[in-house]
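Right, one structure below, let's go through it.
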Amino acid sequence: MDPKILRKFSETSKRILTFAQKIANDFHRAVDSEHILLAILTTPNTFAGDVLKDQSISFEQIKIILSNNHTQNLSSAGITNDAKKIITLPVKN
């Protein structure tokens, strides 16, 4: 991923993305939206995490999605094209 994009994120967001990458590596996969959701859910005191929890979206539900999802549309950076859109869309001018 382009380091210029990461500079636009808060430290918390950078930690979430780093943790999403670790989760993806644990599943031997490229980073996808489910990994980002898991990272958000496990990061304390985040607005997004609170919203997900308020909607009854759990860590276990996302893990089930991960275990059932076998198709990946990869970009060149070890991240799916969908996840790349999720990360880059908020920082576009």
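Looking only at residues that are in contact with a Ser or Thr (Cβ under 8 Å, 6 or more places away or on another chain), open to solvent by 60 Å² or more (accessible area, probe 1.4 Å) and part of a helix (DSSP H, G or I) in the stretch 18-73, which one is farthest from Lys85 (Cα to Cα)?
Among residues in the stretch 18-73 that are in contact with a Ser or Thr (Cβ under 8 Å, 6 or more places away or on another chain), open to solvent by 60 Å² or more (accessible area, probe 1.4 Å) and part of a helix (DSSP H, G or I), the one farthest from Lys85 (Cα to Cα) is Phe59.
Taking the conditions exactly as written (of a type in the set (Lys, Arg), modelled with pLDDT under 85 and under 18 Å from Thr88 (Cβ atoms)), does Lys4 satisfy them or not?
Against the criterion (of a type in the set (Lys, Arg), modelled with pLDDT under 85 and under 18 Å from Thr88 (Cβ atoms)), Lys4 qualifies.
The values are calculated or read from the model by the stated rules, or taken from the named source; none is laboratory data. Note that the structure is predicted; figures quoted are calculated from it, not measured. Neighbour counts are summed over all protein chains in view; Cβ atoms, including those assigned to glycine, are modelled from backbone coordinates with ideal geometry. Just the protein is used for accessible areas: all its heavy atoms, side chains included, with ligands, DNA and RNA removed. Shrake-Rupley method; radii C 1.70, N 1.55, O 1.52, S 1.80 Å.
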